[in-house]
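The values are calculated or read from the model by the stated rules, or taken from the named source; none is laboratory data. Here the structure is a predicted model, which means the values were calculated and not measured. Methodologically, a virtual Cβ is constructed for each residue, glycine included, from the backbone with ideal geometry; neighbour enumeration extends over all protein chains shown.
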Amino acid sequence: MALEKNDIKLGLVPLIDAAPLIVAKEKGFFEEQGLNVTLSVEASWASIRDKVAAGLLDAAHMLAPMPIAATAGIDGVGVPMMTALSLNLNGNAIAVSQSLYWRLQLDELTPISVGERLKRVLEADRAAGAPPRVFAHVFPFSPHHYELRYWLAGCDIDPDRDLQLVVIPPPQMVRALRDGSIDGFCVGAPWGAVAQAAGIGRVVLNKYQIWNNSPEKVLGVTHAWAEAHPQTHLALIAALIRAAQWLDQPANRSEAARLIVEGHYVEATPETVHESLAVGAPGKPENAGLVFHAGAATFPWVSHALWFVGQMRRWNQLPPGTDGDALARASYRPDLYRAAAAQFGMPCPAVDLKSEGQHAGIHTLSRDHTIELGADRFFDGAGYSPS
Amino acid sequence: MRVMLVDDEPERRAATEAPLRLLGHEVVGFSTSTSDLAAAVKRHQPDVILVDVDVPGRDTLESLGQVTRDRPRPIVLFASHSEPETIRKALQAGVSSYVVDGMNPARLKPIIDVAIARFEEFQALRNELEETRSKLADRRDIEKAKGLLMKRRNLDENGAYELLRRMAMDRNLKLGDAARTLIAAAELL
């Protein structure tokens, strides 16, 4: 079917998980779909939001909760947005400064044990009259923010009272940790590895350990754009699914790293970029790294949206009385994903919701054994079954 | 008025600073790539923040007051080399106020005024929302405290409400706060 538009401008923030966009452009997957895509590297998530809202970008690499916040009208702009494609799972790291690392005296890098030690240090700090520790994340509506809060609260640390949370753009995290303005951060690849390689911080946990294979970035568009360009939207999704498939073939990861480095999309050393894309690195928990396609990683689960809605409610970001179910379904659109996947006969989940927290390894959907999913546990053993 | 200016280009920072001073504003200038913006906002307590649309520090500035309990401030974006069409579209979409590079000082004042007015309008809405939220929380906690009193003191609903009201008056507390104190005490026991 004819595309409504061929020249497309896509926004991205300099992070390794923008890889599907970069790969689709550099390996010709967009071109295969008849799309002529220009990638625009943006300096901030606010800039991504504004430019998509204003129509200066057609679509963009977004934090998974951003379309939800936009549709709820709580993002400061209020132009409703949606996603019909998840770009990746996992990838974030929680790191602390060298000095906090030594204070923590960690013997085990698990969320519970790091949380216990952190709580002890925070209590000692308070007893000594020290100012609260500062941890950074990247945006008020980010998986990083909710992960950090979920982990802290789960370890009986009040993220509003026991420490201070601030927002710092990813490329500035390492500097902020070095100059002592923060004590720790939660950020996407490669910045945790960069801090560690520079001897400035220590990665103590990753996103996978807090919630296995949890959603991270999505492809976001406005509702108005999606309605005006339905075929173009499907073509974009199809090209990016192909890129995700390509990226999850282990042999292609080092070529992907080369494309990111040579295109100057992320200003980090080639070694760090390669490391961030490495599959099954020794010493890491299974599948702790970035997943682009395996385990239905590209599918926009409404249950993931509902989990984010729950966190927005928990931390008082949503007005009371908001219809969470309607909000999640308006911002996450698996129906459009299925339409795009059908174009090349790719099997995809027939249901919009899945339970979380109940599987320690690879499993299949209870009603569809052809779809394989990865582990989905939360660090605190909680279960999550939206209906 | 105290204005905080955030821009990575020192020349443009200077060029914007001069007209602002002429207008009688107190100006502090920063580069986003070398400053801890959160600390700067805390230290200087600006009334309004002017920030270049393309600096990454925007995420930091926006989040102040969105999640933390710091006093939020209006943010005015200024864009260099932007076409009027870009600005028009952005404003239509609800993006904060834009100032264009090289603007004459006479135009700067009304734009800042409009940004502040718009911000105050937004704040008023937000406060209203806060109020509704706390009223709802009050109602929930009062019901819960009443339930506790009814059970423990063997009172009917009116009796429990009266007792709670008297406790609040004696301790000079709002009814909602008295209810929460009671619930907390009950949880300890």
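Summary of computed values
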{"read-out": "Residue that is surrounded by the most Cβ atoms within 10 Å (Cβ to Cβ) [pool: residues in the stretch A:307-316 that are of a type outside the set (A, V, I, L, M) and closer than 23 Å to A:Ser86 by Cα]", "value": "A:Phe308"}
{"read-out": "Filtered residue count, the stretch A:182-209, keeping only those that are within 13 Å of A:Leu100 (Cβ to Cβ) and assigned to a loop (DSSP other than H, G, I, E, B)", "value": "3"}
{"read-out": "Enumerated strands (runs of 3 or more DSSP E) restricted to the stretch A:1-116, each holding at least 1 residues that are surrounded by fewer than 18 Cβ atoms within 10 Å (Cβ to Cβ)", "value": "A:7-12, A:36-41"}
{"read-out": "Criterion violated by A:Thr272 - all others in (1) out of contact with any strand residue (DSSP E or B) (no Cβ under 9 Å at 6 or more places or on another chain); (2) over 26 Å from A:Val96 (Cβ atoms); (3) surrounded by fewer than 24 Cβ atoms within 10 Å (Cβ to Cβ) satisfied", "value": "(2)"}
{"read-out": "Qualifying residue in the stretch A:289-302 (condition: at pLDDT 95 or above, closer than 17 Å to A:Ala84 by Cα and part of a helix (DSSP H, G or I))", "value": "yes"}
{"read-out": "Residue count for the stretch A:359-387, restricted to those that are under 30 Å from A:Arg149 (Cα atoms) and either surrounded by fewer than 16 Cβ atoms within 10 Å (Cβ to Cβ) or assigned by TED's automatic domain parsing to the domain that holds A:Val114 (or both)", "value": "10"}
{"read-out": "Test: residue in the stretch A:212-222 that is of a type in the set (S, T, N, Q), within 28 Å of A:Arg103 (Cα to Cα) and more than 14 Å from every other protein chain (Cβ to nearest Cβ)", "value": "yes"}
{"read-out": "Some residue of the stretch B:32-46 being within 14 Å of chain A (Cβ to nearest Cβ), assigned to a loop (DSSP other than H, G, I, E, B) and touching a strand residue (DSSP E or B) at 6+ places or on another chain (Cβ under 7 Å)", "value": "yes"}
{"read-out": "Which listed residue is modelled with pLDDT of 85 or more, farther than 22 Å from A:Val77 by Cα, hydrophobic (A, V, I, L, M, F, W, C) and surrounded by fewer than 16 Cβ atoms within 10 Å (Cβ to Cβ), from B:Ala179, B:Ala137, B:Ala186", "value": "B:Ala137"}
{"read-out": "Residue in the stretch A:127-143 that is in a helix (DSSP H, G or I) and within 30 Å of A:Pro65 (Cα to Cα) present", "value": "yes"}
{"read-out": "Top-ranked residue of the stretch A:142-169 - restricted to ones that are surrounded by 19 or more Cβ atoms within 10 Å (Cβ to Cβ) and facing chain B (nearest Cβ under 8 Å), ranked as modelled with the lowest pLDDT", "value": "A:Pro169"}
